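Read through the structure below, which is laid out as structure tokens, and then see the notes.
Just so it is clear, none of the values below were taken in a lab; they were calculated from the coordinates. Given the structure is predicted, the values throughout are model-derived calculations rather than measurements. Backbone-built Cβ (ideal geometry, glycine too); neighbour counts: all protein chains shown.
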Amino acid sequence: MKSNKIIGIILAVVALYIGYIGITKVSKSTKEVNVLGLEIDASNESGKEKGYLYLGAAVILFAGGMYSLKK
């Protein structure tokens, strides 16, 4: 197996892991509470930004991994 394929597989796996972390950060940064019929939304903007940065990095790593596999 060529080193390009091994690096591509590693990048794709790391991208999936980082994407999972990003999705959980975005989902955990927003909480909703119902009080007497009113919906109160509390969100952590810095947590969402970090989550979106993780997702962006995951997309870039995944694209690099797929490029390495096809090369």
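Please verify whether region 11-24 includes one or more residues that are part of a helix (DSSP H, G or I), without any contact (Cβ under 8 Å) to a residue 12 or more places away in the chain and small (Gly, Ala, Ser).
Within region 11-24 (the criterion being part of a helix (DSSP H, G or I), without any contact (Cβ under 8 Å) to a residue 12 or more places away in the chain and small (Gly, Ala, Ser)), the answer is no, since none of the residues qualifies.
Collect the residues in region 1-44 that are within 10 Å of the chain's Cα centre (by Cα) and among the aliphatic types (A, V, I, L, M), keeping them in residue-number order. Steps first, answer last, please.
To start, the set of residues in region 1-44 that are within 10 Å of the chain's Cα centre (by Cα) comprises 15-26.
Across region 1-44, the qualifying residues are 15, 16, 18, 21, 23, 26.
Anything in region 18-71 that is of a type in the set (A, V, I, L, M, F, W, C) and under 30 Å from residue 2 (Cβ atoms)? List them, or say none. Outline the logic, then answer.
Filtering region 18-71 for residues of a type in the set (A, V, I, L, M, F, W, C) gives 18, 21, 23, 26, 33, 35-36, 38, 40, 42, 53, 55, 57-63, 66, 69.
Scanning region 18-71 gives 18, 21, 55, 57, 58, 59, 60, 61, 62, 63, 66, 69.
Given the criterion surrounded by 15 or more Cβ atoms within 10 Å (Cβ to Cβ), at negative phi and aliphatic (A, V, I, L, M), identify the matching residue among 61, 53, 16, 38.
Working: 53 fails: surrounded by 15 or more Cβ atoms within 10 Å (Cβ to Cβ); 16 fails: surrounded by 15 or more Cβ atoms within 10 Å (Cβ to Cβ); 38 fails: surrounded by 15 or more Cβ atoms within 10 Å (Cβ to Cβ).
Testing whether each residue is surrounded by 15 or more Cβ atoms within 10 Å (Cβ to Cβ), at negative phi and aliphatic (A, V, I, L, M) leaves just 61.
Kindly provide the set of residues from region 36-65 that are in contact with a strand residue (DSSP E or B) (Cβ under 9 Å, 6 or more places away or on another chain) and not in a helix (DSSP H, G or I), ordered by number.
At the first step, the residues of region 36-65 found to be in contact with a strand residue (DSSP E or B) (Cβ under 9 Å, 6 or more places away or on another chain) are 39-44, 47-48.
Within region 36-65, 39, 40, 41, 42, 43, 44 meet the criteria.
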